[in-house]
Amino acid sequence: MATVQAVLGNLTVTERGILTAINTGASSLSFVGSGFIVLCYLLFKELRKFSFKLVFFLALSDMFCSFFSIIGDPSKGFFCYAQGYTTHFFCVASFLWTTTIAFTLHRTVVRHKTDVEDLESMFHLYVWGTSVVMTVIRSIGNDHGHIRRLGTWCWAQSGRTGKVVHFITFYAPLWGAILFNGITYFQVIRMLNNATRMLAGMSERSHQSDAWPDTKALNRWGYYPLILIGSWFFGTINRIHDFIEPGHKIFWLSVLDVGMAALMGLFNSIAYGLNSSVRRAIYERLDLLPESCHRWFPKSLKPRGQRQESELVPLKIEDQR
(Lines give C-alpha, C1' and ligand atoms only; values in the text may rest on other atoms or scores of the structure.)
Protein backbone atom coordinates (compact mmCIF):
# COMPACT_ATOMS: atom_id res chain seq x y z
CA MET A 1 0.00 0.00 0.00
CA ALA A 2 1.16 3.54 -0.64
CA THR A 3 1.66 4.30 3.04
CA VAL A 4 3.73 1.18 3.77
CA GLN A 5 6.31 2.06 1.17
CA ALA A 6 7.27 5.19 3.05
CA VAL A 7 7.51 4.01 6.67
CA LEU A 8 10.29 1.43 6.60
CA GLY A 9 13.20 3.87 6.36
CA ASN A 10 15.57 3.45 9.33
CA LEU A 11 13.55 0.85 11.22
CA THR A 12 15.18 -2.33 12.49
CA VAL A 13 14.65 -5.74 10.90
CA THR A 14 12.32 -6.75 13.74
CA GLU A 15 10.25 -3.61 13.41
CA ARG A 16 10.00 -4.10 9.66
CA GLY A 17 8.83 -7.65 10.23
CA ILE A 18 6.12 -6.42 12.61
CA LEU A 19 4.93 -3.84 10.09
CA THR A 20 4.90 -6.48 7.37
CA ALA A 21 2.76 -8.77 9.51
CA ILE A 22 0.36 -5.95 10.40
CA ASN A 23 0.01 -4.94 6.78
CA THR A 24 -0.57 -8.52 5.64
CA GLY A 25 -3.15 -9.24 8.34
CA ALA A 26 -5.09 -5.99 7.97
CA SER A 27 -4.98 -6.10 4.17
CA SER A 28 -6.25 -9.68 4.24
CA LEU A 29 -9.27 -8.59 6.29
CA SER A 30 -9.94 -5.79 3.82
CA PHE A 31 -9.55 -8.17 0.90
CA VAL A 32 -12.07 -10.61 2.39
CA GLY A 33 -14.56 -7.86 3.28
CA SER A 34 -14.32 -6.17 -0.12
CA GLY A 35 -14.42 -9.48 -1.94
CA PHE A 36 -17.60 -10.39 -0.09
CA ILE A 37 -19.35 -7.22 -1.33
CA VAL A 38 -18.14 -7.86 -4.89
CA LEU A 39 -19.42 -11.44 -4.70
CA CYS A 40 -22.81 -10.32 -3.40
CA TYR A 41 -23.19 -7.89 -6.29
CA LEU A 42 -22.32 -10.55 -8.84
CA LEU A 43 -24.56 -13.25 -7.32
CA PHE A 44 -27.66 -11.30 -6.32
CA LYS A 45 -29.45 -9.66 -9.24
CA GLU A 46 -31.71 -7.60 -6.98
CA LEU A 47 -28.64 -5.67 -5.77
CA ARG A 48 -27.67 -4.49 -9.23
CA LYS A 49 -29.14 -1.03 -8.84
CA PHE A 50 -27.19 2.07 -9.72
CA SER A 51 -26.59 3.06 -6.11
CA PHE A 52 -25.12 -0.31 -5.21
CA LYS A 53 -23.16 -0.43 -8.46
CA LEU A 54 -21.10 2.48 -7.13
CA VAL A 55 -20.50 0.49 -3.94
CA PHE A 56 -19.44 -2.45 -6.13
CA PHE A 57 -16.74 -0.40 -7.86
CA LEU A 58 -15.62 0.96 -4.50
CA ALA A 59 -15.30 -2.59 -3.15
CA LEU A 60 -13.54 -3.72 -6.33
CA SER A 61 -10.94 -0.96 -5.96
CA ASP A 62 -10.45 -1.82 -2.29
CA MET A 63 -10.09 -5.51 -3.13
CA PHE A 64 -7.31 -4.94 -5.68
CA CYS A 65 -5.60 -2.38 -3.47
CA SER A 66 -5.54 -4.90 -0.61
CA PHE A 67 -4.45 -7.75 -2.88
CA PHE A 68 -1.39 -5.94 -4.22
CA SER A 69 -0.54 -4.75 -0.71
CA ILE A 70 -0.50 -8.37 0.47
CA ILE A 71 1.67 -9.84 -2.26
CA GLY A 72 4.48 -7.30 -1.74
CA ASP A 73 7.57 -7.88 -3.85
CA PRO A 74 8.60 -11.52 -4.15
CA SER A 75 10.87 -10.63 -7.07
CA LYS A 76 12.76 -7.73 -8.61
CA GLY A 77 12.44 -5.68 -11.75
CA PHE A 78 9.23 -5.28 -13.69
CA PHE A 79 6.93 -6.99 -11.17
CA CYS A 80 8.20 -4.76 -8.41
CA TYR A 81 7.38 -1.59 -10.33
CA ALA A 82 4.00 -2.99 -11.35
CA GLN A 83 3.13 -3.74 -7.72
CA GLY A 84 3.96 -0.19 -6.66
CA TYR A 85 1.94 1.40 -9.44
CA THR A 86 -1.12 -0.80 -8.91
CA THR A 87 -1.37 -0.19 -5.17
CA HIS A 88 -1.25 3.56 -5.73
CA PHE A 89 -3.76 3.40 -8.60
CA PHE A 90 -6.41 1.35 -6.78
CA CYS A 91 -6.04 3.13 -3.44
CA VAL A 92 -6.63 6.48 -5.17
CA ALA A 93 -9.56 4.99 -7.07
CA SER A 94 -11.04 3.76 -3.78
CA PHE A 95 -11.43 7.14 -2.12
CA LEU A 96 -12.49 8.74 -5.41
CA TRP A 97 -15.41 6.29 -5.63
CA THR A 98 -16.58 7.50 -2.22
CA THR A 99 -16.90 11.00 -3.68
CA THR A 100 -19.15 9.69 -6.47
CA ILE A 101 -21.39 8.09 -3.85
CA ALA A 102 -21.56 11.35 -1.90
CA PHE A 103 -22.22 13.31 -5.11
CA THR A 104 -25.02 10.91 -6.11
CA LEU A 105 -26.69 11.26 -2.73
CA HIS A 106 -26.39 15.05 -2.75
CA ARG A 107 -27.69 15.38 -6.31
CA THR A 108 -30.68 13.16 -5.56
CA VAL A 109 -31.66 14.48 -2.12
CA VAL A 110 -30.60 18.12 -2.07
CA ARG A 111 -30.95 19.06 -5.74
CA HIS A 112 -33.84 16.63 -6.50
CA LYS A 113 -32.22 15.45 -9.73
CA THR A 114 -33.09 12.05 -11.20
CA ASP A 115 -30.39 11.89 -13.86
CA VAL A 116 -27.60 10.34 -11.76
CA GLU A 117 -27.61 7.10 -13.76
CA ASP A 118 -26.82 9.09 -16.90
CA LEU A 119 -23.61 10.24 -15.22
CA GLU A 120 -22.11 6.76 -14.83
CA SER A 121 -19.71 7.16 -17.77
CA MET A 122 -18.54 10.48 -16.33
CA PHE A 123 -17.94 8.81 -12.97
CA HIS A 124 -15.73 6.17 -14.60
CA LEU A 125 -13.79 8.79 -16.54
CA TYR A 126 -13.32 10.85 -13.39
CA VAL A 127 -12.23 7.99 -11.13
CA TRP A 128 -10.08 5.88 -13.44
CA GLY A 129 -8.73 8.88 -15.36
CA THR A 130 -7.70 10.76 -12.22
CA SER A 131 -6.15 7.60 -10.76
CA VAL A 132 -4.06 7.09 -13.89
CA VAL A 133 -2.89 10.72 -13.91
CA MET A 134 -1.96 10.65 -10.22
CA THR A 135 -0.12 7.35 -10.64
CA VAL A 136 1.88 8.53 -13.64
CA ILE A 137 2.79 11.86 -12.04
CA ARG A 138 3.97 10.08 -8.92
CA SER A 139 6.77 8.42 -10.89
CA ILE A 140 8.46 11.85 -10.95
CA GLY A 141 11.20 11.96 -8.35
CA ASN A 142 10.94 8.24 -7.65
CA ASP A 143 14.29 6.77 -6.58
CA HIS A 144 14.22 3.21 -7.94
CA GLY A 145 17.72 2.58 -6.63
CA HIS A 146 16.31 2.12 -3.12
CA ILE A 147 13.91 -0.68 -4.06
CA ARG A 148 16.12 -3.58 -3.09
CA ARG A 149 16.89 -2.48 0.44
CA LEU A 150 13.24 -1.93 1.33
CA GLY A 151 12.61 -5.67 1.23
CA THR A 152 8.86 -6.24 1.04
CA TRP A 153 7.47 -3.17 -0.69
CA CYS A 154 8.39 -1.38 -3.88
CA TRP A 155 8.50 2.09 -5.32
CA ALA A 156 9.57 4.01 -2.21
CA GLN A 157 10.02 7.76 -2.37
CA SER A 158 13.29 8.34 -0.54
CA GLY A 159 14.24 11.74 -1.96
CA ARG A 160 12.73 15.03 -0.86
CA THR A 161 11.24 15.66 -4.30
CA GLY A 162 9.72 12.19 -4.35
CA LYS A 163 8.09 12.76 -0.96
CA VAL A 164 6.57 16.03 -2.14
CA VAL A 165 5.24 14.39 -5.30
CA HIS A 166 3.86 11.50 -3.23
CA PHE A 167 2.00 13.95 -1.00
CA ILE A 168 0.64 15.88 -3.99
CA THR A 169 -0.52 12.80 -5.89
CA PHE A 170 -2.00 10.89 -2.97
CA TYR A 171 -2.62 12.84 0.22
CA ALA A 172 -3.73 16.07 -1.44
CA PRO A 173 -6.57 14.41 -3.43
CA LEU A 174 -7.31 12.21 -0.41
CA TRP A 175 -8.00 15.15 1.90
CA GLY A 176 -9.79 16.91 -0.94
CA ALA A 177 -12.12 13.90 -1.09
CA ILE A 178 -12.55 13.98 2.70
CA LEU A 179 -13.46 17.67 2.60
CA PHE A 180 -15.89 17.15 -0.28
CA ASN A 181 -17.57 14.19 1.42
CA GLY A 182 -17.84 16.02 4.71
CA ILE A 183 -19.49 19.09 3.17
CA THR A 184 -21.78 16.96 1.01
CA TYR A 185 -23.03 14.73 3.81
CA PHE A 186 -23.47 17.73 6.10
CA GLN A 187 -25.79 19.35 3.58
CA VAL A 188 -27.72 16.13 3.00
CA ILE A 189 -28.14 15.42 6.72
CA ARG A 190 -29.17 19.02 7.46
CA MET A 191 -31.81 18.95 4.75
CA LEU A 192 -33.25 15.62 5.82
CA ASN A 193 -33.25 16.66 9.48
CA ASN A 194 -35.28 19.74 8.54
CA ALA A 195 -37.67 17.60 6.49
CA THR A 196 -38.07 15.14 9.36
CA ARG A 197 -38.88 17.94 11.82
CA MET A 198 -41.46 19.33 9.38
CA LEU A 199 -43.09 15.92 9.07
CA ALA A 200 -43.13 15.54 12.84
CA GLY A 201 -44.86 18.88 13.26
CA MET A 202 -47.38 18.58 10.42
CA SER A 203 -48.24 14.89 10.32
CA GLU A 204 -49.78 12.26 12.51
CA ARG A 205 -47.74 9.67 14.40
CA SER A 206 -47.97 7.23 11.47
CA HIS A 207 -46.07 9.65 9.29
CA GLN A 208 -43.45 10.08 11.98
CA SER A 209 -42.82 6.35 12.00
CA ASP A 210 -42.49 6.42 8.21
CA ALA A 211 -39.63 8.87 8.56
CA TRP A 212 -37.72 6.53 10.89
CA PRO A 213 -35.77 4.67 8.14
CA ASP A 214 -34.40 8.00 6.95
CA THR A 215 -33.30 8.82 10.51
CA LYS A 216 -31.36 5.58 10.67
CA ALA A 217 -29.79 6.37 7.32
CA LEU A 218 -28.71 9.76 8.67
CA ASN A 219 -26.83 8.11 11.51
CA ARG A 220 -24.98 5.86 9.06
CA TRP A 221 -24.18 8.61 6.53
CA GLY A 222 -22.63 10.73 9.25
CA TYR A 223 -19.88 8.16 9.72
CA TYR A 224 -18.89 7.88 6.05
CA PRO A 225 -16.38 10.79 6.02
CA LEU A 226 -14.86 9.46 9.25
CA ILE A 227 -13.76 6.26 7.48
CA LEU A 228 -11.25 8.07 5.30
CA ILE A 229 -10.14 10.28 8.17
CA GLY A 230 -9.59 7.32 10.48
CA SER A 231 -7.82 5.31 7.77
CA TRP A 232 -5.37 8.00 6.68
CA PHE A 233 -4.99 10.44 9.59
CA PHE A 234 -1.96 8.66 11.06
CA GLY A 235 -0.49 8.16 7.60
CA THR A 236 -0.72 11.89 6.90
CA ILE A 237 0.95 12.75 10.21
CA ASN A 238 3.65 10.18 9.52
CA ARG A 239 4.35 11.61 6.05
CA ILE A 240 4.64 15.14 7.46
CA HIS A 241 6.93 13.97 10.25
CA ASP A 242 9.07 12.01 7.78
CA PHE A 243 9.42 15.08 5.59
CA ILE A 244 10.52 17.26 8.51
CA GLU A 245 12.76 14.63 10.17
CA PRO A 246 13.61 12.05 7.51
CA GLY A 247 16.19 10.26 9.66
CA HIS A 248 13.89 9.63 12.62
CA LYS A 249 11.08 7.08 12.41
CA ILE A 250 8.43 6.78 15.13
CA PHE A 251 7.59 3.09 15.32
CA TRP A 252 4.21 3.35 17.08
CA LEU A 253 3.09 5.97 14.56
CA SER A 254 4.19 3.69 11.73
CA VAL A 255 2.17 0.85 13.24
CA LEU A 256 -0.98 3.00 13.34
CA ASP A 257 -0.19 4.33 9.87
CA VAL A 258 0.13 0.90 8.25
CA GLY A 259 -2.61 -0.81 10.24
CA MET A 260 -5.35 1.78 9.79
CA ALA A 261 -4.62 2.37 6.10
CA ALA A 262 -4.70 -1.36 5.37
CA LEU A 263 -8.11 -1.65 7.07
CA MET A 264 -9.75 0.94 4.80
CA GLY A 265 -11.28 -1.75 2.57
CA LEU A 266 -12.81 -3.52 5.56
CA PHE A 267 -14.26 -0.28 6.92
CA ASN A 268 -15.74 0.59 3.51
CA SER A 269 -17.25 -2.86 3.03
CA ILE A 270 -19.00 -2.68 6.41
CA ALA A 271 -20.22 0.91 6.12
CA TYR A 272 -21.19 1.03 2.45
CA GLY A 273 -21.84 -2.62 1.63
CA LEU A 274 -23.54 -4.31 4.57
CA ASN A 275 -26.86 -2.47 4.32
CA SER A 276 -30.32 -3.95 4.78
CA SER A 277 -30.63 -4.87 1.09
CA VAL A 278 -27.54 -7.06 1.25
CA ARG A 279 -28.61 -8.70 4.51
CA ARG A 280 -32.06 -9.33 3.11
CA ALA A 281 -30.67 -10.91 -0.06
CA ILE A 282 -28.43 -13.18 1.99
CA TYR A 283 -31.21 -14.20 4.34
CA GLU A 284 -33.57 -15.01 1.48
CA ARG A 285 -31.01 -17.54 0.22
CA LEU A 286 -30.40 -18.91 3.69
CA ASP A 287 -34.14 -19.24 4.19
CA LEU A 288 -34.15 -21.92 1.48
CA LEU A 289 -32.05 -24.18 3.70
CA PRO A 290 -33.66 -26.69 6.09
CA GLU A 291 -35.19 -25.22 9.24
CA SER A 292 -32.68 -27.07 11.41
CA CYS A 293 -29.86 -24.99 9.93
CA HIS A 294 -31.38 -21.60 10.76
CA ARG A 295 -30.35 -21.61 14.39
CA TRP A 296 -26.68 -21.51 13.35
CA PHE A 297 -27.06 -18.19 11.52
CA PRO A 298 -26.56 -14.87 13.36
CA LYS A 299 -29.71 -12.90 14.10
CA SER A 300 -28.22 -9.84 12.41
CA LEU A 301 -28.87 -11.48 9.03
CA LYS A 302 -32.60 -11.60 9.67
CA PRO A 303 -34.52 -8.63 8.29
CA ARG A 304 -36.41 -6.59 10.86
CA GLY A 305 -39.93 -6.98 9.53
CA GLN A 306 -40.44 -5.54 6.09
CA ARG A 307 -39.02 -2.13 6.85
CA GLN A 308 -36.36 -1.20 4.30
CA GLU A 309 -33.38 0.93 5.11
CA SER A 310 -32.25 3.31 2.40
CA GLU A 311 -28.99 2.44 0.63
CA LEU A 312 -27.96 5.83 -0.67
CA VAL A 313 -31.17 7.67 -1.45
CA PRO A 314 -33.90 8.20 1.18
CA LEU A 315 -37.31 6.68 0.65
CA LYS A 316 -39.30 9.84 1.31
CA ILE A 317 -37.89 12.29 -1.22
CA GLU A 318 -41.28 13.22 -2.52
CA ASP A 319 -42.52 14.01 1.01
CA GLN A 320 -39.77 16.58 1.45
CA ARG A 321 -40.94 18.83 -1.35
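The values are calculated or read from the model by the stated rules, or taken from the named source; none is laboratory data. Owing to the predicted nature of the structure, the values given are computational and were not obtained by experimental measurement. Virtual Cβ from ideal backbone geometry, glycine too; neighbours counted across all protein chains shown. All accessible areas refer to the heavy atoms of the entire protein, side chains included, with ligands and DNA or RNA removed. Shrake-Rupley method; radii C 1.70, N 1.55, O 1.52, S 1.80 Å.
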How far, in nm, would the chain grow between PHE251 and ILE237 when pulled straight, counting 0.36 nm per residue and subtracting the alpha carbon separation? 3.8 nm
How high is the FRET efficiency from GLU46 to ILE18, r the C-beta distance, R0 45 Å, rounded to 0.05? 0.55
Taking the Cα-to-Cβ direction at LEU11 and at ALA82 and moving 7 Å from each Cα, how far apart do the two end points lie in nm? 2.6 nm
Would you mind working out the magnitude of the charge dipole of the stretch 35-124 relative to its Cα centre, with +1 at each Lys and Arg C-beta and -1 at each Asp and Glu C-beta, to the nearest 20 Debye? 140 debye
At 7 Å along the Cα-to-beta-carbon direction for both ILE137 and SER121, put a label point, then send me their distance in nm to one decimal. 2.6 nm
Of PHE123, PHE234, which has the most accessible area and how do the rest follow, probe 1.4 Å? PHE234, PHE123
Pairwise label distance in nanometres, TYR283 with ILE71, each label 7 Å out on the Cα-Cβ vector: 3.9 nm
Please list 3J(HN,Hα) in residue order for the stretch 272-285, calculated via the Karplus relation 6.51 cos²θ - 1.76 cosθ + 1.60 where θ = phi - 60°; whole Hz, with x for glycine and proline. 8, x, 8, 8, 5, 5, 5, 4, 5, 4, 5, 5, 4, 6
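Let's test the formula: R0 of 56 Å, r as the Cβ-Cβ distance of LYS113 and THR161. What FRET efficiency results, to the nearest 0.05? Please report the intermediate quantities before stating the final value.
Details: r = 43 Å, r/R0 = 0.77.
With R0 = 56 Å, the Cβ-Cβ based efficiency is 0.85.
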Exposure rank, largest accessible area first [LEU29, LEU47; 1.4 Å]: LEU29, LEU47
